[in-house]
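Structure, as structure tokens:
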């Protein structure tokens, strides 16, 4: 389980960075067009197409779908074949999907803001809801996601939020505000970690100041930077990967954390998670169908199958992320302390992180400025 | 007869050329495929724009080089040079006496000492670095043995400690090779001529081992300078080095062109150092 969580947010991870560098360097020839094209129009699809003539190629994070999925899909949907390619990060998936020519991929798993960007480039087939009856299993909230209201081109697979993961036995008062992290009380001095993955480094400061997590205003980012620089001397360190271990060992008391990464199910039961009152983000990993797919009927059938409670509940049980599927969540046995119990309505208070295009450079600079300051 | 005499050197040189071709080609292919081609790719990235989702847009620009001059990034490079230089200096101060002592040991113990120096390399680098956390952390071994609450981790000192620990063997080995090669008669001659032990060291031993010193320093400086794992694990990412900056450009910021430009800048610094080393070695 931890392995899966590790690979999902790899931009934050250290370990295989060397390899990824090599991959990136070799992929240098693939160009991506930044010119905005209009979203694609829907194809005519046949509801009764012969799926045995279609093959499926998907790309997904390692361990993010059940290993036996291809075999089950072949058996249930009678498709000719199904192959699974893996990507470590959204960035690597985007490189595959935006390369010139046919990627050969029918269904891709990417985060919401990336689905939005793919759609803006006209690379996605609009979802044909009549081919996915299981869309009815989704929570009503899961159709109101700000990057894609009404699930026009993406179907949510998992979702979650960012908050404060803390040791309930070590803190004097449980954190309720981002300011508890940003200006730690004396008893928590140098016992706090923050994430440095750009947008998440800024998130606590932006929210504490009452700004949007998607702001591209220079003066708001500058105010956030001031807060983060003032916070720096009071931090144990920045940590995107092992903050959970630091809490378990007692090195730290509070950490900025993604909910799925906060080890609340640790045996001692003293690790808790709080979403600060100023609000937080809502991240969603989605399934999209590529415009270039020649197997669109099979692709819809696959998404429909994944939305069935027995497959979708696998994700909640095995990767410990919440799934936006009411029928599936009702089947999941929620362990004591597990964060799977966070209600969709609470999640929806979070603001979706959207792709900022050129303005994302501002966040890169912010995170370099904050971490480089000595 | 005449023709045979004439023919022989030709065929021998041809054979030599064939031999050279056969024996050189694996190395040449290796270097071309794994060094020159990737290097050319990285170089070509530096003059183009970043793609929105990573990758490169082929529009010519020099802005990557302009950004290199930004005080923010120069500061990171300067910080990396500082940390790597401190590490190298301490490694030299510890490594030289160590290598010197090992060279004076009787034969059998020399081998034992050298194996002991190399032994840490048998364990994975990340694990060895991570072990320092167990030693130094707040609830860690040192604090619990001493009963103290010292804050030993996550500062520039622990970065230097981690780098020093990781790369000290790379200082000791070339120094040992250089000191071991010294003819002991030179030192005897120096002593016979009335030089004190210190003068002998200063005027005989040290100058003759300068190439070893340079090699050792280079071996420690280069991996320290580009390191990004230790600043993250032991430094708590509170100060970043140029390696972190490059990694972030590729994995977080999706800015391959600027990442490539930074990589190129590092290569330039390292080539310069290699030239200095070659020059000093030739003079010595």
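Please treat every number below as a calculation from the coordinates, not as lab data. On a predicted model such as this, the values are computed, not experimentally measured, just so you know. Using ideal geometry, Cβ is built from the backbone for each residue, glycine included, and neighbour counts are taken over all protein chains shown.
Quick look at the values:
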quantity	calculated
Chain lengthening between residue A:278 and residue A:83 when straightened (0.36 nm per residue, less Cα-Cα)	65.9 nm
Per-pair calculated FRET efficiency, R0 = 51 Å: residue A:369 and residue B:186 via Cβ, rounded to 0.05	0.40
Semi-axis lengths (Å, descending) of the ellipsoid that matches the C-alpha gyration tensor of the stretch A:209-325	35, 24, 12
Taking A:363, B:30 and counting other C-beta atoms within 10 Å, the order from fewest to most	B:30, A:363
Inter-chain Cβ neighbour average for residues B:154-164, partner chain, 10 Å	1
Neighbour-count order for A:80, A:225, fewest beta carbons within 10 angstrom listed first	A:80, A:225
Cα gyration tensor category, rounded, prolate or oblate, for the stretch A:298-366 with a/c compared to 1.5	oblate
Cα gyration tensor shape of the stretch B:4-104, rounded if a/c is under 1.5, else prolate or oblate by comparing a/b with b/c	oblate
Peptide A:251-264 - average C-beta neighbours from other chains (10 Å radius)	1
Coordinate range along principal axes, alpha carbons of the protein assembly as shown, Å, largest first	98, 85, 48
Nearest-ten-degree value, helix A:17-26 long axis tilted from longest Cα axis of chain A	40
Chain A: angle of helix A:198-208 to the longest principal axis, Cα-based, in degrees nearest 10	60
Nearest-0.05 FRET efficiency for residue A:345 and residue B:135, computed from C-beta distance (R0 60 Å)	0.80
Shielding by partners - mean other protein chain Cβ count within 10 Å, residues of B:88-95	0
Over the stretch B:191-284, relative contact order from alpha-carbon pairs under 8 Å, at least 6 apart, %	30
Computed over chain B: relative contact order in percent, which uses C-alpha pairs under 8 Å that are six or more apart	27
Segment residue B:206-residue B:57, length gained on full extension (0.36 nm per residue, minus Cα span)	48.4 nm
For peptides B:141-153, B:252-264, sequence by mean Cβ density within 10 Å, most packed first	B:252-264, B:141-153
Ranked B:198, B:48, criterion: other C-beta atoms within 10 Å, fewest first	B:198, B:48
Contour excess over end-to-end distance, with Cα ends at residue B:25 and residue B:151 and 0.36 nm allotted per residue	39.9 nm
Estimated 222 nm signal from helices in the protein assembly as shown, with DSSP H stretches of n ≥ 4 weighted -39500 (n - 2.57), rounded to 500	-16000 deg cm²/dmol
Rel. contact order, % - alpha carbon contacts under 8 angstrom, at least six apart, chain A	25
Shape category assigned to chain B from the gyration tensor of Cα positions, a/c cut at 1.5	oblate
Label-point gap, in nm, between residue B:142 and residue A:217 - each point 7 angstrom along Cα→Cβ	4.7
Distance (nanometres) between label positions extended 7 Å along Cα→Cβ at residue A:62 and residue B:14	5.3
FRET efficiency, 1/(1 + (r/R0)^6) with R0 35 Å, evaluated for residue B:284 and residue B:119 via beta carbons	0.70
Rounded tilt (10° steps) of A:360-372 against the dominant C-alpha axis of chain A	30
Cα→Cβ-extended label distance, 7 Å offset, between residue B:33 and residue A:232, nm	4.5
